[in-house]
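The values are calculated or read from the model by the stated rules, or taken from the named source; none is laboratory data. Quick caveat, the model's predicted, so the values are computed rather than measured. Cβ coordinates were reconstructed from backbone atoms using ideal geometry, including for glycine residues, and neighbour counts include every protein chain displayed. Heads up: the accessible areas ignore ligands, DNA and RNA and are worked out on the full protein's heavy atoms, side chains in. Shrake-Rupley method; radii C 1.70, N 1.55, O 1.52, S 1.80 Å.
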Amino acid sequence: MQTPDSGLHPNRANIIDFLSLTFGTVAGAAMFFVSIFANYEVITRRIFGKPTTWVFEVSLFTLMWFVLLAASYASKERRQIVADVFISRLPKSSSLSLGIATNIVVLTFTAIVGYYGSHTCLDAYQNDIKSIGLLQYSKWILDFVFPLTMSMLFLQVLRNTLLDIKSLTSLKKESGVYETFPLVLICGFMTAIVFGVYFIYALPFLGIIILILCFLIGGVPVGIALGMTGIIGMFANFGEFQSLTMVPVIIEKTLYNFVLLAIPLFIMGGVIMAKCGIGERIYDMASKWSGQLPGGLSMATIVACALVSAMIGVSTAVAGAIGLIAIPQLLANRYTKEISYGSVAGGALGVLIPPSAGLIVYGFLTNTSVASLFAAAFIPAAILVGFFVTYVFFASLLTGKYQRVSFTWEQKITATKDAFLGLLAPGIVLGGIYTGIFTPTEAAAVFVVYCLITAIIYKQIDWETFINILKESAILGSSLMMIMIGAMLLSNLVAHLRIPRLLTEWIVTSGFPHGVVIFCLLAMYIVMGMFLDGLAMTVLTIPVIYPLMPILGLDVIVFGVVLMVFIEMALITPPVGLNLFIIQAIARDNLWTIAKGNLPFAIMMLIVAMILLFYPGISLWLPEMLSIR
């Protein structure tokens with residue numbers, strides 16, 4: 001007997017789902033314990049002068065297991081990061097058919113990583129290889145993550161595929177019509193892959209572009225799209241099957257990194273804030289202090305977004321957390337839809353305002369101090385918030401479409417008291433970084449524990465909420481880190497093909513003015529931002545552009561801040577502006593109205609980006625003053 005919704009035996013299907021859920025929960029719990037360990041390290045080192053010998057190694061060991069353990073749970077929940085601009089607009093039968101085809105790509109990637117990872121694990125076991133570091137252990141224990149998690153991910157993706165096949169079959173039976181378009185679509189997808197593979201052999205750079213675009217447009221998760229392109233390129237150019245033994249080595253090198261550990265930790269802290277009402281308290285405080293001004297509630301929304309961005313570091317999470325609270329209130333107080341939607345989607349600056357996951361990734365890719373990048377982003381972020389506040393003030397004043405909301409001093413003071421602990425979070429995190437008390441990664445761990453303590457004090461957390469936080473953190477953190485895995489597999493190929501060096505030589509000998517090249521780069525980011533996630537934009541381009549920066553006269557820190565502004569702009573530009581979709585899900589309004597409201601905010605972002613390029617001292621002043629550049 002089979003399940004009503006899949007082609008697997010019911011017990012097996014249930015076991016697969018249960019194991020994926022268990023893996024995700026365990027991964028989230030492991031990352032939470034890493035935050036506890038890191039706080040313990042900070043205390044023992046700073047207060048007692050006795051640094052530990054094990055926290056660093058245990059944390060990196062856990063990061064690798066966390067990312068790969070949670071991958072199957074993200075797949076179960078269909079929460080991988082996908083560039084779905086094309087597939088989401090297809091009829092259901094076509095999207096299901098293409099989804100089945102893309103699942104084959106995912107299964108292939110999973111099988112390759114699992115197979116060669118198993119060989120790495122077996123080799124470490126047979127040769128009794130030990131880890132390198134203060135805390136030595138048998139390395140096969142770390143490498144066992146490959147066969148275990150890739151087997152689980154393979155089974156989960158296979159289950160998803162069988163579910164999609166069953167749904168497609170039922171859809172055809174209900175309609176009674178056999179459609180040829182899904183078949184044509186799959187044939188086109190496969191043909192494009194074949195073309196890409198051909199050009200990987202003939203013209204590698206063109207083949208890379210074709211494969212990436214094919215995979216992304218087809219709906220392959222971004223991390224696997226990048227990773228699979230890298231694997232195909234390695235196979236074609238560096239010794240076929242023998243070259244694939246490097247795949248688990250590259251993945252291990254990527255994940256065994258203390259800088260990237262900050263990303264899942266900051267995400268976990270942000271999830272705690274979003275689920276425990278801390279963002280609501282901050283918005284309530286901001287709205288009570290500015291509600292009586294023209295555009296006051298809209299200004300409060302922007303300020304609240306900025307304050308929450310200084311804690312969460314992911315713009316879409318900020319838009320979701322504040323949008324649920326602010327949009328109903330803005331519309332109820334006669335604000336226009338455009339101002340209401342723009343204040344939330346445009347005001348959510350989590351990628352730009354420190355601590356930012358985007359800046360952490362950029363720092364990792366360019367070997368730049370994360371603390372310097374954080375400091376460099378402060379003034380540009382403040383300028384952007386000032387632009388936004390000024391715009392909504394005058395726009396509301398000119399249209400008259402707003403309603404003053406007055407509050408007593410007692411209400412204002414009460415709201416401030418209620419939000420006070422939440423407001424302390426960015427000061428503690430960033431103050432600790434710049435005073436040298438802890439590193440950015442340790443700051444992320446402190447942030448997690450502080451947010452949890454705040455939620456307990458506010459009595460906004462129980463056991464069920466805590467488990468949900470672990471699961472949500474596992475999905476978000478793993479999905480982002482899978483993109484890093486794919487990016488590093490692709491970067492390894494790009495580096496071996498000497499593409500950055502060849503591109504650098506071409507620009508040097510081409511005679512093009514540097515200003516023209518920079519303008520083309522920025523235009524490229526605007527176009528890419530219409531279709532790709534910001535993290536994908538960063539990991540795809542920075543390994544190639546970074547070597548060009550000295551030649552073009554670009555400061556690596558300034559360009560990092562400018563890139564984050566462009567990523568923020570990408571989040572509010574159609575057709576794939578993720579913040580627009582967040583607002584659409586909340587307001588249930590048409591996308592054109594939402595996009596129109598965000599257009600002025602996108603223009604202001606572009607203006608600020610240009611100002612930063614022409615006057616780099618704006619970004620560099622604070623890092624130089626703090627002597628952390």
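In the range 211-269, how many are crowded, with 21+ Cβ neighbours inside 10 Å and out of contact with any Leu (no Cβ under 9 Å at 6 or more places or on another chain)? Total meeting the criteria: 9. Scanning the range 345-354 for residues that are open to solvent by less than 10 Å² (accessible area, probe 1.4 Å) and within 11 Å of the chain's Cα centre (by Cα) gives a single hit, Gly350. Of the listed requirements (1) farther than 29 Å from Thr538 by Cα; (2) of a type outside the set (Val, Ile, Thr); (3) surrounded by fewer than 17 Cβ atoms within 10 Å (Cβ to Cβ), Phe466 misses just one: (3).
Got at least one residue in the range 599-622 being in a helix (DSSP H, G or I), among the small types (Gly, Ala, Ser), open to solvent by 30 Å² or more (accessible area, probe 1.4 Å) and in the same structural domain as Phe387 (by the TED database)? Even if it seems obvious, please write down each step before you answer.
In the first step, residues of the range 599-622 are kept if they are in a helix (DSSP H, G or I); the result is 599-614, 617-622.
From the residues that got through so far, the ones that are among the small types (Gly, Ala, Ser) too are 602, 609, 617, 619.
From the residues that got through so far, the ones that are open to solvent by 30 Å² or more (accessible area, probe 1.4 Å) too are 617.
Add one more test, that the residue is in the same structural domain as Phe387 (by the TED database), and what stays is 617.
Yes: one or more hits.
If you go through the range 37-75 and keep only what is part of a helix (DSSP H, G or I) and surrounded by fewer than 16 Cβ atoms within 10 Å (Cβ to Cβ), you end up with Tyr40, Ile43, Thr44, Arg46. The set of residues in the range 570-616 being under 21 Å from the mean Cα position of the chain (by Cα) and aromatic (Phe, Trp, Tyr) consists of Phe581 alone. Checking each residue in the range 355-372 for being within 19 Å of Glu568 (Cα to Cα) and open to solvent by less than 10 Å² (accessible area, probe 1.4 Å) picks out Pro355, Ser356, Leu359, Ile360, Val361, Tyr362, Gly363. With respect to the conditions (1) over 21 Å from Gln80 (Cβ atoms); (2) open to solvent by less than 70 Å² (accessible area, probe 1.4 Å); (3) in contact with a Lys or Arg (Cβ under 6 Å, 6 or more places away or on another chain), Gln136 falls short on a single one, namely (2). Would you check which residues across the range 453-477 are in contact with a Ser or Thr (Cβ under 9 Å, 6 or more places away or on another chain) and under 21 Å from Thr316 (Cα atoms) and list them? Within the range 453-477, Leu470, Lys471, Ala474 meet the criteria.
Against the numbered list (1) modelled with pLDDT of 90 or more; (2) under 25 Å from the mean Cα position of the chain (by Cα); (3) closer than 29 Å to Tyr615 by Cα, Leu430 comes up short only at (1). Say whether the condition of being at negative phi, part of a helix (DSSP H, G or I), open to solvent by 30 Å² or more (accessible area, probe 1.4 Å) and touching a Pro at 6+ places or on another chain (Cβ under 7 Å) is met by at least one residue in the range 399-408. No: the range 399-408 contains no residue that is at negative phi, part of a helix (DSSP H, G or I), open to solvent by 30 Å² or more (accessible area, probe 1.4 Å) and touching a Pro at 6+ places or on another chain (Cβ under 7 Å). In this entry, Thr316 passes the filter for residues that are of a type outside the set (A, V, I, L, M, F, W, C), closer than 20 Å to Ile272 by Cα and open to solvent by 10 Å² or more (accessible area, probe 1.4 Å).
Each row is one residue, and each column tells you yes or no for (1) in contact with a Ser or Thr (Cβ under 6 Å, 6 or more places away or on another chain); (2) aliphatic (A, V, I, L, M).
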| site | (1), (2) |
| --- | --- |
| Met299 | yes, yes |
| Ile302 | yes, yes |
| Ala310 | no, yes |
| Ile322 | no, yes |
| Asn333 | no, no |
| Ile339 | yes, yes |
| Leu349 | yes, yes |
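Taking the range 387-398 as the range and being open to solvent by less than 80 Å² (accessible area, probe 1.4 Å) and in contact (Cβ under 8 Å) with a residue 60 or more places away in the chain as the test, the residues that pass are Phe387, Phe388, Val389, Tyr391, Val392, Phe393, Ala395, Ser396.
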